[in-house]
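Below is one structure. I have some questions about it.
The values are calculated or read from the model by the stated rules, or taken from the named source; none is laboratory data. Quick caveat: nothing in here was measured; it's all calculated off a predicted structure. Positions of Cβ are backbone-derived with ideal geometry, glycine not excepted, and every protein chain shown enters the neighbour counts. Just so you know, the surface numbers come from the protein's heavy atoms only, side chains and all, with ligands and any DNA or RNA stripped out. Shrake-Rupley method; radii C 1.70, N 1.55, O 1.52, S 1.80 Å.
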Amino acid sequence: MENQRLVLILGGVAAVLTAVLVAMLLMGGPDDDEGRSDDTASERSGLQLDVTDPETLSADQQLRCFVGGQFVGMATLSQCAERNGIASQALDVGLDARGELTAIPFTPPPALPPLVEDLPLDPVPVDTGPVEPRPAPQVQQASGQRCMRHVGGEWREVGSMSLGACVQSLYSGRCEQLGGAAYGRWGDTTLRLVPGRVEQSSDNTNFRTIAPQARDCSIGDVR
């Protein structure tokens, strides 16, 4: 009789332990699935289209097209540029708040700043007598070229520096939203910060990328 009771007790203990182990396995399952879901989401986020350069888009890629700030329907990059009456390069392409591929015109560049005033010409001497020779006016050679920032509807001088230093002074730590642009000047070229990159133009119209911008708004090396 006592042996039967012992067997029953041991059997009950084994059943309880088995139930606990099964419950632990079942509780661990969702965590594993969740981890796999997170990994999958991370992998998917890494596969998102890089839209920092519109030239990487296929010719038939459909975008949400905006004209004058209004959504006008789906169109390719060239079609959207035609509707806006501008070149494709003047469109900013990126993901909007809903995660959809969107094309919207950049903020247009401002008028160029006034040129640096030329040195005044030497006046014509009135006295015909002998005049002591004067040294020609010397132009102070600054390290680099003039760097300017466009803010509040006007151009403001930043200083004379290299192109890389000018880009960092103007744009480091600053990010633009889709369609936005911040303009500057370095020497006789126009600089433009747009989402994801810094661009340069020698004619204030056609821009090329010279530096990437990270998600934390830091600016990479100028190339």
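Express the carbon and sulfur contribution to the solvent-accessible surface of the stretch 59-105 as a percent, rounded to the nearest whole number, probe 1.4 angstrom.
Numbers: 1270 of 2450 Å².
In the stretch 59-105, the share of accessible area belonging to carbon and sulfur is 52 percent.
With a sphere of radius 11 Å drawn around the Cβ of Pro113, what net charge do the other residues whose Cβ falls strictly inside it have (Lys, Arg +1; Asp, Glu -1)? Walk me through the numbers on the way to the answer.
Working: positive: Arg146, Arg149, Arg156, Arg185; negative: Glu154, Glu157, Asp188.
With Lys, Arg at +1 and Asp, Glu at -1, the net is +1.
Another one. Count the net charge of all other residues whose Cβ sits under 12 Å from the Cβ of Gln200, scoring Lys and Arg as +1 and Asp and Glu as -1.
Details: positive: Arg185, Arg192, Arg197, Arg208, Arg223; negative: Asp188, Glu199, Asp203.
Overall, the nearby charge balance is +2.
Here's another thing I want to ask about it. Treat each spin label as a single point 7 Å out from the Cα along the C-beta direction, and report the Asp96 to Thr205 distance in nm.
3.0
What does the charge count around Cys166 come to, taking other residues whose C-beta lies under 10 Å from its C-beta (Lys +1, Arg +1, Asp -1, Glu -1)? Let's see the in-between values first.
Numbers: positive: Arg146, Arg149, Arg185; negative: none.
Net local charge, Cys166 excluded: +3.
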